[in-house]
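Chemist: One structure coming up, written as structure tokens, with questions to follow.
The values are calculated or read from the model by the stated rules, or taken from the named source; none is laboratory data. Here the structure is a predicted model, which means the values were calculated and not measured. Neighbour counts run over all protein chains shown; Cβ positions are idealised from the backbone, glycine included.
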Amino acid sequence: MARPNRAIQSNMGWSTVDRIVVQGMDLTQQLLGKVNLGDMAFLELTGQLPTPQQSIVFNAMLVTLVEHGLTPQSIATRLVYLAAPEALQAAVAAGLCGVGSVFAGGSEGTAKMLHEALPQDPQADLAEVARRIVSDFKSERAAIPGLGHARHKPIDPRTPCLFEIAAANQLRGRYVALLEHIGHEAERVHNRSLPINATGAIGALCCDLGFDWKLARGIAVIGRAIGLVGHLAEEIRQPIAREIQLRAEEECSEQARKASPLG
């Protein structure tokens, strides 16, 4: 028996000959020149414009994610552009494929952990919840998402800044509080510095803003895409990808020659 067709529906946007509507708002009359990029991203993700307070916090999150220097993502972007300058979008896509658990994408793991752990009971003891989480991760010999940084110790300077912005806008909620408890407990149990890193902070703020944890990495992608295009702008002005490629080839070939019995 044939399956009856169901209506395909999307509320993201539609257009006529003389009108474009995005998330129920007229693009030319209500959005262009009136809404910044961060607020537009919020509109796309939630279906509504942010409040002034949400706008400040969400834009701060995006700005945090834009630039991280010569990471594997930006190097990949530059190298792909070196190989295929006719496809700038492919170079950016190559870098975005690296938004993972090590660089930039850790907010997803943090948001998932917090979302699954935070009890619905507003009177729940967050310190006790944190103790259970740390104990579970320790027994599994797994790293706790959102904690630790190779360079920024004992504090990741971005984290208190983000939390202060959230607090000033009445958006520092129970998810941030739980992550702070987890951080304190983890440092006590492991007896070493484990600061809440920027992606961890962003994961907690995603939860306090009401985003589905599955969107946390997507929010990282939004910010990082801007940064990768910026790296390509610099690569066009001041190329370094060829030097990276040649140096890697020369140094590896030299080491292989020295180690070879034919060298």
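Chemist: Could you please give the count of residues in the range 237-263 that are in contact with a helix residue (DSSP H, G or I) (Cβ under 8 Å, 6 or more places away or on another chain) and either assigned to a helix (DSSP H, G or I) or surrounded by fewer than 10 Cβ atoms within 10 Å (Cβ to Cβ) (or both)?
Modeler: Number of matching residues: 5.
Chemist: What residue, among those in the range 1-20 that are of a type in the set (Gly, Ala, Ser) and at pLDDT 90 or above, is nearest to Leu43 (Cα to Cα)?
Modeler: Restricting to residues being of a type in the set (Gly, Ala, Ser) and at pLDDT 90 or above, the top hit is Gly13.
Chemist: Given the criterion basic (Lys, Arg), touching a helix residue (DSSP H, G or I) at 6+ places or on another chain (Cβ under 9 Å) and under 20 Å from Leu37 (Cβ atoms), identify the matching residue among Arg217, Arg172, Arg188.
Modeler: Arg217
Chemist: Which of the residues that make up the range 179-221 are surrounded by fewer than 22 Cβ atoms within 10 Å (Cβ to Cβ), among the β-branched types (Val, Ile, Thr) and over 12 Å from the mean Cα position of the chain (by Cα)?
Modeler: Val189
Each row is one residue, and each column tells you yes or no for (1) small (Gly, Ala, Ser); (2) in contact (Cβ under 8 Å) with a residue 40 or more places away in the chain; (3) surrounded by fewer than 20 Cβ atoms within 10 Å (Cβ to Cβ).
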| site | (1), (2), (3) |
| --- | --- |
| Ala124 | yes, no, yes |
| Ala130 | yes, yes, no |
| Ile133 | no, yes, no |
| Arg141 | no, no, yes |
| Ile144 | no, yes, no |
| Leu147 | no, yes, no |
| His152 | no, yes, yes |
| Ile155 | no, yes, yes |
| Thr159 | no, yes, no |
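Chemist: Does Glu86 meet the test of being out of contact with any strand residue (DSSP E or B) (no Cβ under 6 Å at 6 or more places or on another chain), without any contact (Cβ under 8 Å) to a residue 40 or more places away in the chain and not in a loop (DSSP other than H, G, I, E, B)? Walk me through it before giving the result.
Modeler: On the way: out of contact with any strand residue (DSSP E or B) (no Cβ under 6 Å at 6 or more places or on another chain): yes; without any contact (Cβ under 8 Å) to a residue 40 or more places away in the chain: yes; not in a loop (DSSP other than H, G, I, E, B): no.
Judged against the criteria, Glu86 is not a match.
Chemist: Just a yes or no: is a residue in the range 195-204 touching a helix residue (DSSP H, G or I) at 6+ places or on another chain (Cβ under 8 Å), assigned to a loop (DSSP other than H, G, I, E, B) and of a type in the set (S, T, N, Q)?
Modeler: Keep residues of the range 195-204 that are touching a helix residue (DSSP H, G or I) at 6+ places or on another chain (Cβ under 8 Å), which gives 195-204.
Narrowing further to those that are assigned to a loop (DSSP other than H, G, I, E, B): 195, 197.
Retained after the next criterion (residues that are of a type in the set (S, T, N, Q)): 197.
For the range 195-204, residues touching a helix residue (DSSP H, G or I) at 6+ places or on another chain (Cβ under 8 Å), assigned to a loop (DSSP other than H, G, I, E, B) and of a type in the set (S, T, N, Q): present.
Chemist: Which ones in the range 96-131 are in a helix (DSSP H, G or I) and β-branched (Val, Ile, Thr)?
Modeler: Thr110, Val129
For every residue, the table says whether it meets (1) out of contact with any strand residue (DSSP E or B) (no Cβ under 9 Å at 6 or more places or on another chain); (2) at pLDDT 95 or above.
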{"position": "Gln123", "(1), (2)": "yes, no"}
{"position": "Ala130", "(1), (2)": "yes, yes"}
{"position": "Lys153", "(1), (2)": "yes, no"}
{"position": "Ala168", "(1), (2)": "yes, yes"}
{"position": "Tyr175", "(1), (2)": "yes, yes"}
{"position": "Ala186", "(1), (2)": "no, yes"}
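Chemist: While we're on this one: Can you tell me how many residues in the range 41-65 are assigned to a helix (DSSP H, G or I) and crowded, with 16+ Cβ neighbours inside 10 Å? Don't jump to the end; show me each part of the working.
Modeler: Pass one, the range 41-65, residues assigned to a helix (DSSP H, G or I): 41-46, 52-65.
Imposing the further condition that a residue be crowded, with 16+ Cβ neighbours inside 10 Å reduces the set to 41-43, 45-46, 54-62, 64-65.
The number of residues fulfilling the criteria is 16.
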